[in-house]
Amino acid sequence: MATKLMDAAKRNKADEFYTQLHDIELELKHYKEIFKDKVVFCNCDDPYESNFFKYFAINFNYLGLKKLIATCYDNSPIAYTQLSLLGEDKIISNKNRHPYKIEITEVKDYNNDGATDLADVKFLLQNKKNTLTLLKGNGDFRSEECVKLLKQSDIVVTNPPFSLFREYVNQLVEYNKKFIIIGNVNAITYKETFKLIIENKIWLGHSIHSGDREFRVPDSYPLQSAGFRVDENGTKYIRVKGVRWFTNVDYKERHEDLILYKTYSPNEYPKYENFDAINVNKTTDIPCDYYGYIGVPITFIDKYNPDQFDIIALGIVGSIDFTSERKMEILDKTGQPTGKYTINAKGTLYRKFNPNIDKVPSFKDCKDGQLYSSIYARVIIKRRIKNEN
Ligand SMILES: C[S@@+](CC[C@H](N)C(=O)[O-])C[C@H]1O[C@@H](n2cnc3c(N)ncnc32)[C@H](O)[C@@H]1O
């Protein structure tokens, strides 16, 4: 029980990252046209703390939104202090808080300055067309009342809890919704997500393909050294690595060809021992004249153009059928025997050890002593043959 509670606490902590407005703007500027006359739903977003709500409220008329809905979740520990955009009188004290939804259908330029800026948004709830209503349940995106709101919506945009990413995406796909959401790059390798990537039903967004991003964290977040910042108001931020936008809304840059300049040679591109594909260590090194299966690093997905390549599978057991099964001894970091054994290099792709390019071997065949190099996670891809006519 204690472990379960600890796990839940850890999970909650990992879920409480609040996206900065700048990062939201950088991504959403690539999809401006799709919001016209649409209902946008931010279903993991307390309007008082969420910059997603803030972004859509400020840009309500500019984007031509029909409606903006946000629901908040009652376990969110952050206080209602970050964004006073709805006016102090509407702030609910943390103690008495209850999950609620906000529905915005009209944003007027109340101060007549010709712009719909933040100063106007604070009057949002004084407009009878905009409502704040308590939810019956806890605001879980899977709850009946939140699913009902989802059904009424066209596009979901948010940063959902990373720990529930699979379920979150499954639900969006089940209800056939457009979405632009933040997740961890590791989610690419989830069985469910990868299947959607293969089927071209989800892909990475436009603006984040490397590095880290800064997120606000609750005041209760423990102090850390690396990448941790406290601003002049005492608000805490951390830098999170491996963040990506995931979407099913198309944008033109994802159809730009990756420029390939290398040509295939068997020496430079050895095949795996257990699958008929060549190994490529860097996406930019994909040979331009090879039309068989190619194993590329997962980061290929950041540059993936569905008109240029097909994604076939993940290079792991369960996703592809290995063509051989070898019992091997696992070698340590210095290439010494460990006395531990594995079948098929722990269920991944492997190729013969090559002392010219590999530092140390990772496995040794129990039968014939052949040394093998382990290959980090790979995606199997294949060039599409374009119709030149
Ligand atoms: C990564 S944070 C992002 C918050 C906000 N969307 C943003 O980007 O600033 C995820 C949010 O989802 C909320 N959450 C966690 N579990 C949830 C659930 N089952 N249903 C709805 N929201 C949930 C958390 O409380 C947290 O506020």
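Structural remarks
- Anisotropy class assigned to the chain is prolate, per the alpha carbon gyration tensor with a/c at or over the 1.5 cut-off and a/b larger than b/c.
- Computed extension length for LYS386-ASP368: 2.1 nm, one decimal, from 0.36 nm per residue of separation with the Cα-Cα distance subtracted.
- Out-of-range pairs (alpha-carbon distance over 26 Å; input LYS201/LYS252; LYS128/LYS148; LYS262/LYS327; LYS67/LYS236; LYS178/LYS236): LYS262/LYS327; LYS67/LYS236; LYS178/LYS236
- The stretch 293-389: chymotrypsin sites (Phe, Trp or Tyr not before Pro) falling in loop per DSSP and having at most 11 other Cβ within 10 Å: TYR376
- Most mobile of ASP321, ASP46, ASP310 in a GNM of the chain (Cα contacts under 10 Å): ASP321
- Charge tally for THR283 (other residues, Cβ to Cβ under 12 Å; Lys, Arg +1; Asp, Glu -1): +2.
- Taking Lys and Arg as +1 and Asp and Glu as -1, the other residues whose beta-carbon sits under 13 Å from that of THR189 total +4.
- Those chymotrypsin sites (Phe, Trp or Tyr not before Pro) in the stretch 154-255 that DSSP places in a loop and that have at most 13 other beta carbons within 10 Å: TYR175
- Which of ILE294, ILE198 has the fewest Cβ neighbours within 10 Å, and the rest in rising order: ILE198, ILE294
- Positive contributions from Lys and Arg (+1) and negative ones from Asp and Glu (-1), summed over other residues with Cβ under 13 Å from the Cβ of ASN176, come out at +2.
- Rounded if a/c under 1.5, otherwise prolate or oblate - the stretch 18-66, Cα gyration tensor axes: oblate
- For a modelled paramagnetic label at THR189, 7 Å from Cα along Cα-to-Cβ, the residues of the stretch 307-324 in reach, with backbone nitrogen under 16 Å, are 313-320.
- For ASP307, ASP23, order by how many other beta-carbon atoms lie within 10 Å, fewest first: ASP307, ASP23
- Whether the stretch 256-389 is rounded, prolate or oblate, judged on the alpha carbon gyration tensor where a/c under 1.5 counts as rounded: prolate
- Relative contact order, percent, the chain [alpha-carbon distance under 8 Å, six or more residues apart]: 12
- When each of LYS364, LYS386 is scored by the number of other beta-carbon atoms lying within 10 Å, the sequence from fewest to most is LYS386, LYS364.
- Spatial separation of Cα centroids for the stretch 310-370 and the stretch 141-187, in angstrom: 38
Read-outs: derived from the displayed coordinates by stated rules, not from any lab. Bear in mind the structure is a predicted one, so any value in this text is a computation, not a measurement. Please note: Cβ atoms are built from the backbone with ideal geometry, for glycine as well, and neighbour counts cover all protein chains shown.
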